[in-house]
């Protein structure tokens, strides 16, 4: 017991010596600020999902009819826009349609075949033309129209740069108000750049012979930065 008491007293003494050691430095004063910046950009790419759904009593017949109609859609899109579009299959299915009757097990009443394409356009003036070419040639699903940027990283970097400059300006204002000056940057943290992309709403009815109207709007990129700087008199 005496040994434990002695060890405890030595530990307290060592702690007291460290606390009174004139060579030990107090924590450096710092200022931490946060800032957000928003950069707007006009989209230069559009993506839209176009699909064909067909039904038939037999699975093979539904699939064959679907292939025929989708081929017509693709040929019409290629004819109208040529190499200006990129086509990619994003989904294909053939599923049974069930008929339900009370007191009896479900019975297959036919089959539904669905084939979806993702169409990418780099010329936004052709979006309405694309939709018209697809629907006029047999596409019965047009959805998910989205406007994007070919190079989102450049706009993200710009938003973060502007946020960092704002955070630095706030830190300098605080330091000046307190009669201090910034001596160095301790840390910089970025919480990412969020992107708000415009989505097309329901298509308006168009006059006979007029192209489907489409407005791309703007893309907003938000950058957030937290800055910690050391200050001194």
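The values are calculated or read from the model by the stated rules, or taken from the named source; none is laboratory data. Keep in mind that what you see is a predicted model, and the values were worked out from it rather than measured. Glycine gets a Cβ as well: all are built from the backbone with ideal geometry, and neighbour counts include every protein chain shown.
Among the residues of the range 102-136, how many are part of a helix (DSSP H, G or I), under 18 Å from residue 54 (Cα atoms) and in contact with a strand residue (DSSP E or B) (Cβ under 7 Å, 6 or more places away or on another chain)?
Result for the range 102-136: 2.
Return the residues of the range 77-101 that are modelled with pLDDT under 90 and either part of a loop (DSSP other than H, G, I, E, B) or touching a strand residue (DSSP E or B) at 6+ places or on another chain (Cβ under 7 Å) (or both); say none if nothing qualifies.
Scanning the range 77-101 gives a single hit, 84.
When you go through (1) farther than 30 Å from residue 233 by Cβ; (2) modelled with pLDDT under 95 one by one for residue 29, which number turns out not to apply?
The failed condition is (1).
Taking the stated definitions as given, is residue 175 assigned to a helix (DSSP H, G or I), buried (at least 16 other Cβ atoms within 10 Å of the Cβ) and in contact (Cβ under 8 Å) with a residue 60 or more places away in the chain?
Criteria met by residue 175.
Yes/no matrix, rows are residues, columns are (1) assigned to a helix (DSSP H, G or I); (2) surrounded by 15 or more Cβ atoms within 10 Å (Cβ to Cβ):
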{"residue": "28", "(1), (2)": "no, no"}
{"residue": "35", "(1), (2)": "no, yes"}
{"residue": "39", "(1), (2)": "no, yes"}
{"residue": "43", "(1), (2)": "no, yes"}
{"residue": "48", "(1), (2)": "no, yes"}
{"residue": "52", "(1), (2)": "no, yes"}
{"residue": "63", "(1), (2)": "yes, yes"}
{"residue": "66", "(1), (2)": "yes, yes"}
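The rows are residues; the columns are (1) under 31 Å from the mean Cα position of the chain (by Cα); (2) without any contact (Cβ under 8 Å) to a residue 12 or more places away in the chain; (3) closer than 30 Å to residue 34 by Cα; (4) crowded, with 19+ Cβ neighbours inside 10 Å.
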residue	(1), (2), (3), (4)
99	no, yes, no, no
112	no, no, no, no
124	yes, no, no, no
127	yes, no, no, yes
134	yes, no, no, yes
156	yes, no, yes, yes
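Restricting attention to the range 200-223, report how many residues are under 15 Å from residue 148 (Cα atoms) and modelled with pLDDT under 60.
1
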